[in-house]
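The values are calculated or read from the model by the stated rules, or taken from the named source; none is laboratory data. Note that the structure is predicted; figures quoted are calculated from it, not measured. Counting neighbours? That spans all protein chains shown, and the Cβs are built from the backbone with ideal geometry, glycine included.
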Amino acid sequence: MNANHPADRMMFALGCLLALSSAAFAQVNPYGPRAPGVYPPGYYPGYGGFYPGPVGGALMGQAQVISATGELMIQREQAYQEREKADQMKLETKKKAFEQMMYEKANTATLTENLQYEAGLMTQRLITSPMPAEITSGKTLNAMLPMINMLATKGTQGPPLPINQDQLHHINVTIGKEGPNLGMLSDGGNNLPWPLGLQGPKQKKLAKEIPEAVSQARSGSLDAKLYRDIKKGLSDLNEDLSKQFRKEEIDGGEYLEGKRFLEPLGQSFEALRAPTSQRFLTGSYAAKGRNVAELAGNMTKNGLSFAPCNPGDEAIYQALHDLFVAYTTSAQAAAGFQVRYNPPRTDPWKVK
């Protein structure tokens, strides 16, 4: 090679350049691959970015779609599972609600049980501590009739307590609970004890007409005109009594006495037009019995109940009430049991 020749000098320069390039590539590239996050001193990667190109971008998009589709299916299955759990919890809640309802229903007294319990308490009070008005109205006697009959059906007989037959004729009866009461006219209306505040011309006229109306009703031929005249006469007598009291012609005692007489008399007279009045007047419907058991049996058999007493017969009703109480008490003692009225469902934990 000639050093002075231009071509040889160019070849030499190129060889030196290639040697330098080989030496440079043989050194470690400070910007070459390194551990993730480890960069050479002074290196700043910048924001940069990766551009995969058209084909790579399409493939990456398809991969993302497939990945999103898989995640959607997973989320949907998870949603199905959560919904199934919610449905199961709803069923469990419904089951517990049903069990609670059945528990409350099993341990809650029914309407019938409550009514029976309250009726039992009422009967017990009427026997042990009745008010005088409850005795004279016949309420206590009517409440004790079922008890006496129940003891008889169970084969428990109380002592044969006799009943005064003369007093028994003063006991008023009716049909059902609020049937007609002809108590004031049961003896024909001839011996009515008219109070002083009512006596006078109108009273004397009524005293003659009432027995005639009772006689007609007993034979089943009550005259309508006579009935209306007597009803008007009783109304006029009531108004006259109120006028006398307002004018202070009579005192409060006479006024109350007249009221207590006219009220049951008016009820008894209105009962004359009832279809069953003839049976009461002829004695077909009456309190009958030699003792307490017979009286209760006959009353129940004929569908009768005790009606309020007439003025002046309060003591007779009180005496009959005492006989009823003595009979039931002795009968229960002889049978070795006592009728008790326990609250319904007193121990709900024992209800199965």
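Odds and ends about this structure:
- Looking across the range 164-199 at every residue that is surrounded by 12 or more Cβ atoms within 10 Å (Cβ to Cβ) and of a type in the set (G, A, S), the one that is farthest from the chain's Cα centre (by Cα) is identified as G197.
- Flag not set for A213, criterion: among the aliphatic types (A, V, I, L, M), under 27 Å from G289 (Cα atoms), at pLDDT 90 or above and in a helix (DSSP H, G or I).
- Residue match in the range 205-220 (condition: in contact (Cβ under 8 Å) with a residue 60 or more places away in the chain, among the β-branched types (V, I, T) and over 29 Å from A331 (Cβ atoms)): yes
- When residues in the range 175-190 are screened for being polar (S, T, N, Q) and closer than 25 Å to Q244 by Cα, 0 of them pass.
- Whenever a residue of the range 297-308 is among the hydroxyl-bearing types (S, T, Y), its partners that are crowded, with 21+ Cβ neighbours inside 10 Å and part of a loop (DSSP other than H, G, I, E, B), lying with C-beta atoms within less than 8 angstrom and at least six residues away or across chains, give the pairs S305/G138.
- Within the range 127-172, the set of residues being small (G, A, S), at pLDDT below 85 and either in contact with a strand residue (DSSP E or B) (Cβ under 6 Å, 6 or more places away or on another chain) or assigned to a helix (DSSP H, G or I) (or both) comprises A152 only.
- In the range 79-133, the qualifying residues are those that are assigned by TED's automatic domain parsing to the domain that holds A319 and of a type in the set (G, A, S), and the one that is farthest from the chain's Cα centre (by Cα) is A133.
- Hey, N191 in contact with a strand residue (DSSP E or B) (Cβ under 7 Å, 6 or more places away or on another chain) and either basic (K, R) or under 30 Å from A319 (Cβ atoms) (or both) or not: no
- Residue in the range 135-152 that is more than 30 Å from G312 (Cβ to Cβ), out of contact with any helix residue (DSSP H, G or I) (no Cβ under 7 Å at 6 or more places or on another chain) and of a type outside the set (D, E, K, R) present: yes
- Filtering the range 221-230 to residues that are part of a helix (DSSP H, G or I) and without any contact (Cβ under 8 Å) to a residue 40 or more places away in the chain leaves A224, K225, L226, R228, D229, I230.
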